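Working notes, beginning with the structure itself.
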Amino acid sequence: MSRMLIGACAAITLLASGAQAASPKMAASPKMAAPLIYRLDAAISLKGARPAWDYLTFDAARSYLFIGRRAAGITVYDVRRKRIVGAIANAAGANIATLVPEFGRGYTANDDGSTTVFDLASLKTLRRIKLGEGADAAFYDPATRQLAFTMGDTQQLTFIDAKTAAVTGHVHLDAHEIEGVVPDGKGMLYVAERDRNRVAKVDARSRSVVAEWPVDKCEAPTGMAFDPVAQRLFVGCKGEHPVLSVLDVADGRVVAQPEIGRGNDTVRFDPRARKVFTSNGVDGNIVIFDQLDADHYKLFQALTTRPIARTMAIDPATRKLYTVTAQGMVDPSKPVNRKAAPFYPNLYFDDTFVLLEYGLHPAPAAPAEVD
């Protein structure tokens, strides 16, 4: 008799639970928010003859994007108001604008080995100073308040005082192709030596090389970024098998090496989102990784951009991405940069220069079909 009662009670319990499951009110569950991914927000035409470009620099205080346009100098674009607000005078040949907010100054690196110093608030040029031969870029070290100019023609870094623009010294490097430089915030700089497949560690205070690391399976290291919390260096390797090399700066050991697109020029790290961004011009994509921990990285998104969109900047407030490119061709009568790609453009068409803006949006409900 007791077994029959137990069985009856169990049946009642199962029926009740089944009724609850069938109830529309009980079946409803909170709607999960769609994950956010990057998509194109705008393509802004920037007119000009025979466009050329290099680094992008973002001024977070003003929401200004400084675009290095080489022969055309530096164009300054207001990303909030969606318009050009000025250009830096006497900056022909500029590859980059490097900003020093604490002194209200900006410095360009010009291809003739000079720098154009300008006021950051007014954008007015103060002077143009000859530093040496063939400056490619400049990077600011806040710990020592110096700028380091990469000058591959003379195989050196040239340092200047960020307040006075006086030259403070030089560091000789064995590389002829000196690419990205990133500070660690404590007075050390990490320098990509592209033609040697190495990273140099430079003491900015003593202006000396304190270490040099060969990077295994990394050909042509170029773009660089740094995570000061995890003490990890991110190196974009743009060789035949392009990868993002993640180095432990305690000893230069490679701890991760995920694949990226061809033609990397820029690597950025977003510490708030814990994401690493690589812009890759030959493949026309931005490959983004989630940082799971110091030594583990997972693909977040491979975003299609446009061909030769190789450099990039991030707005830290909105997390928008910015890159630039133009329509071009290979003129067979002129030299081609075959190290970059067999058909890397050597001529770009007038009035085709474009600024691409990417923002975060909810992911599509279902993936698109793959051909």
Exercise. Out of (1) surrounded by fewer than 21 Cβ atoms within 10 Å (Cβ to Cβ); (2) at pLDDT 95 or above; (3) farther than 16 Å from Val287 by Cβ, what's the single condition that is false for Glu240?
Worked result: (2)
For this session: Report yes if some residue within the stretch 195-215 is over 23 Å from the mean Cα position of the chain (by Cα) and more than 29 Å from Arg253 (Cβ to Cβ); otherwise report no.
Result: no
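Kindly provide the set of residues from the stretch 283-306 that are of a type outside the set (S, T, N, Q) and in contact with a Lys or Arg (Cβ under 7 Å, 6 or more places away or on another chain), ordered by number. Spell out how you get there, then give the answer.
Step one: of the stretch 283-306, the residues of a type outside the set (S, T, N, Q) are 283-284, 286-290, 292-300, 302-303, 306.
Asp283, Gly284, Ile288, Phe289, Asp290, Leu292, Ala294, Phe300, listed by residue number.
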For this session: Would you be able to say whether some residue in the stretch 291-307 is more than 20 Å from Lys217 (Cα to Cα), of a type in the set (Val, Ile, Thr) and touching a Gly at 6+ places or on another chain (Cβ under 6 Å)?
Result: yes
Problem set entry | Every pair of residues 6+ apart whose Cβ atoms lie under 7 Å, when the first sits in the stretch 272-296 and is over 21 Å from Gly180 (Cβ atoms) while the second is modelled with pLDDT of 95 or more and of a type outside the set (D, E, K, R) | Asp290/Tyr297; Asp290/Phe300; Asp295/Val255; Asp295/Ala256; His296/Ala256
For this session: Give me the pairs, please: first residue somewhere in the stretch 214-234 and loosely packed, with under 14 Cβ neighbours inside 10 Å, second residue anywhere and among the acidic types (Asp, Glu), beta-carbon distance under 7 Å, and either six or more positions apart or on two chains.
Result: Pro228/Asp184; Gln231/Asp248
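Among the strands (runs of 3 or more DSSP E) confined wholly to the stretch 39-141, which include 2 or more residues that are under 28 Å from Leu189 (Cα atoms) and in contact with a strand residue (DSSP E or B) (Cβ under 8 Å, 6 or more places away or on another chain)?
On the way: elements: 56-59, 64-68, 74-78, 83-88, 94-100, 105-110, 114-119, 125-130, 137-141.
So the answer is 56-59, 64-68, 74-78, 94-100, 105-110, 114-119, 125-130, 137-141.
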Exercise. Which is surrounded by fewer than 22 Cβ atoms within 10 Å (Cβ to Cβ), out of contact with any Ser or Thr (no Cβ under 6 Å at 6 or more places or on another chain) and over 24 Å from Pro364 (Cβ atoms), of Asp295, Asp283?
Worked result: Asp295
Problem set entry | Odd one out for Ala313 among (1) more than 30 Å from Arg50 (Cβ to Cβ); (2) under 19 Å from the mean Cα position of the chain (by Cα); (3) not charged (D, E, K, R) | (1)
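The values are calculated or read from the model by the stated rules, or taken from the named source; none is laboratory data. If you're wondering where the values come from, they're calculated on a predicted model, not measured in any experiment. Glycine gets a Cβ as well: all are built from the backbone with ideal geometry, and neighbour counts include every protein chain shown.
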